[in-house]
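Novice: Input: one structure, supplied below.
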Amino acid sequence: MRATSSPTSSSADRRVLRRALELAARGSGLTFPNPRVGAVLVRGSKIIGEGWHHRAGAPHAEVHAVRAAKRAGHAVGGATLYVSLEPCSTRGRTPPCTGLILREKIARVVFAATDPNPAHAGAATKLLRAAGVQVSHGLLAKEAAALNLDFNWWVVNKRPWVVAKIALSLDGRTTTPPGDDRWLTSPQARRAAHQLRWESDAILIGAETARRDNPQLTIRLPGAPRGKLQPLRVVVTKSGRLPRSLRLFTDAHRKRTVVFRHRPLDQVMAELGAREITHVLVEGGGQILTEAFRLGLVNEVAFFIAPALMGTMPRALYELGAKVQFHNVTYQQVGADLLCRALVSD
Ligand SMILES: [Zn+2]
């Protein structure tokens, strides 16, 4: 980071960079296997163009910002470009953004996070400075990296970022007993679960869950922006015996179903990483989740804690638990714990 900028310019830089981060977040769930990136072009103190990366293969955020400025009739030469991530300097699916910056005669580039790929980190900075472009970076670097935890992890480890989704009753049961298909959690929690799917490019379950629940594993989020490919549906099975009548094999997205047979879970993750899957949501069941934790594959957890008693013991206690209904439920975070208070109806 350059130490030459005055406090005033640094606070202005911070404000515009924050805007670039906001724009980057719009690509959440859509850019796989690319990072979320936002860019803002500024001339003087005026924002003349904004953009973000919409999806892999489409133009990068920098290109969108330049196009937006030109569409609005602004000259781009001499402007300052703010980007949430170090611009790319090598050709990927699209030409490198360093070429665009030089061609458009952008005078100054301010970016937040450095390229997570050790092979590319600092490359754009070096190249642009050598060509006379002023470059500063490091402001909001932590916040910018937090936007792309999954992508950064995948780039470095060649494995997807793994999120374990677990719905629990107050007494710690993860599922309702066989034959009881009531939902454990509320409609709002199920919507939040679909949001978790939105943020993923694959959903993974074990064969037991596939047989038992016959799930669709699709994103059903009314009002969500278009352009999201349904996540890849991954089933891990030891026996390889899965009924072909399952929805995963018969519905409109059946081509988005992959079955891994007789494989340890870490091998499955390695293979998914090689297929450019950067973010996997593991939805169950208990065996798969246990294995994922045991092998140290889990990066993030999402616990839904429902105000219900399912009975930690056999059927008899479940039946007792099922009779206890709660209302006026509140949750309070107390330190790292969650306190649930509710009235019991009789
Ligand atoms: Zn680029």
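The values are calculated or read from the model by the stated rules, or taken from the named source; none is laboratory data. Here the structure is a predicted model, which means the values were calculated and not measured. Note that we place each Cβ from the backbone using ideal geometry, even for glycine, and neighbour counts take in every protein chain shown.
Novice: Scan segment 228-243 residue by residue and report those that are under 23 Å from LEU196 (Cα atoms) and aliphatic (A, V, I, L, M).
Specialist: Applying the first criterion (under 23 Å from LEU196 (Cα atoms)) to segment 228-243 yields 228-236.
The answer is LEU229, LEU232, VAL234, VAL235, VAL236.
Novice: Here's something else I'd like to know. Checking ALA274 against (1) modelled with pLDDT of 95 or more; (2) surrounded by 14 or more Cβ atoms within 10 Å (Cβ to Cβ); (3) among the aliphatic types (A, V, I, L, M), which test does it fail?
Specialist: (2) is the only condition that ALA274 fails.
Novice: Quick check on segment 59-68: of everything there that is more than 11 Å from the ligand (Cβ to nearest atom) and surrounded by fewer than 24 Cβ atoms within 10 Å (Cβ to Cβ), which residue is farthest from ARG14 (Cα to Cα)?
Specialist: ARG67
Novice: In segment 133-149, what residues are closer than 30 Å to VAL280 by Cβ and in a loop (DSSP other than H, G, I, E, B)? If you could, list the steps in order and put the result at the bottom.
Specialist: Taking segment 133-149 as the starting set, the residues that turn out to be closer than 30 Å to VAL280 by Cβ are 140-149.
LEU140, LEU147, ASN148, listed by residue number.
Rundown of residues vs (1) away from the ligand (no atom under 14 Å from the Cβ); (2) in a loop (DSSP other than H, G, I, E, B); (3) under 26 Å from ALA58 (Cα atoms), yes/no style:
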| site | (1), (2), (3) |
| --- | --- |
| ILE106 | no, yes, yes |
| VAL109 | no, no, yes |
| ASP115 | no, yes, yes |
| PRO118 | yes, yes, yes |
| TRP153 | yes, no, yes |
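Novice: Can you tell me which condition LEU85 does not meet? The list is (1) within 13 Å of the ligand (Cβ to nearest atom); (2) out of contact with any helix residue (DSSP H, G or I) (no Cβ under 8 Å at 6 or more places or on another chain); (3) in contact (Cβ under 8 Å) with a residue 60 or more places away in the chain, and all the others hold.
Specialist: All conditions pass for LEU85, except number (2).
Novice: Can you tell me which of (1) within 12 Å of the ligand (Cβ to nearest atom); (2) modelled with pLDDT of 95 or more is the one ALA75 doesn't meet?
Specialist: It is condition (1) that ALA75 fails.
Novice: If you go through segment 41-58 one residue at a time, how many are surrounded by fewer than 22 Cβ atoms within 10 Å (Cβ to Cβ) and either among the aromatic types (Phe, Trp, Tyr) or touching a Pro at 6+ places or on another chain (Cβ under 7 Å) (or both)?
Specialist: Going through segment 41-58 one residue at a time, the tally reaches 1.
Novice: Just need a number here: residues in segment 21-40 that are more than 11 Å from the chain's Cα centre (by Cα), in contact (Cβ under 8 Å) with a residue 60 or more places away in the chain and either surrounded by fewer than 23 Cβ atoms within 10 Å (Cβ to Cβ) or away from the ligand (no atom under 14 Å from the Cβ) (or both).
Specialist: Number satisfying all stated conditions: 2.
Novice: Looking only at segment 185-210, count how many residues are within 25 Å of PHE151 (Cα to Cα) and of a type outside the set (D, E, K, R).
Specialist: Quick first cut of segment 185-210, residues within 25 Å of PHE151 (Cα to Cα) only: 191-206.
Now restrict to residues that are of a type outside the set (D, E, K, R): 192-196, 198, 200, 202-206.
Going through segment 185-210 one residue at a time, the tally reaches 12.
Novice: Then there's this: If I ask for residues that are closer than 19 Å to GLU271 by Cα and surrounded by fewer than 16 Cβ atoms within 10 Å (Cβ to Cβ), which ones from segment 186-243 would you list?
Specialist: If the condition is that a residue be closer than 19 Å to GLU271 by Cα and surrounded by fewer than 16 Cβ atoms within 10 Å (Cβ to Cβ), then LYS238, GLY240 are the ones that fit.
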